[in-house]
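Scroll down for the structure; my scribbles are underneath it.
The values are calculated or read from the model by the stated rules, or taken from the named source; none is laboratory data. This structure is a prediction, so every number in the text was calculated from the model and none was measured. Note: accessible area is taken over every heavy atom of the protein model, side chains too, but ligands, DNA and RNA are not part of it. Shrake-Rupley method; radii C 1.70, N 1.55, O 1.52, S 1.80 Å.
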Amino acid sequence: MFGMGFMEILLIAIVAIIALGPEKLPTAMVEIAKFLKKFKSGIEDAKSTLDNELNVSEMKEEAAKYKAQIEEAKSTLNLKENLDLGLNNIINDDMKKPEKADDNKEKVSLKEPKKKKNKEKSLEKENEDLEKTEEMK
């Protein structure tokens, strides 16, 4: 018990008999036994509480791991959707262009209407904005 041998326990018993006397010794032993029992139960409660807390932290770690896996799956899904690049639209537009090739030709004239100038200015402005955003990336 507590790494003590028989001789140490006997010495403590002799000192207790001398210090407390034979009348108070039995009640003192009962009080010490009660204290040790309460101390043991307190330690067991602390152990069980600590085990519960450790299990909760393990569950939180597992939940974080699953959340990371879900986020990774979402990002790969989004990547696959973004990789489409609109190839179907390009193919469909190429098939439609030969039919409408004559409609899309610009007519050349010596006079430029004001509306076209405004359109060209707005297109130039949009191109500049696009260049700025690409430079920022």
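Structural remarks
- Some residue of the stretch 39-58 being modelled with pLDDT of 85 or more, assigned to a helix (DSSP H, G or I) and over 57 Å from the mean Cα position of the chain (by Cα): no
- Count - residues of the stretch 64-80 that are open to solvent by 90 Å² or more (accessible area, probe 1.4 Å) and polar (S, T, N, Q): 1
- Of all positions in the stretch 40-63, at least one carries a residue that is open to solvent by less than 90 Å² (accessible area, probe 1.4 Å) and of a type in the set (D, E, K, R).
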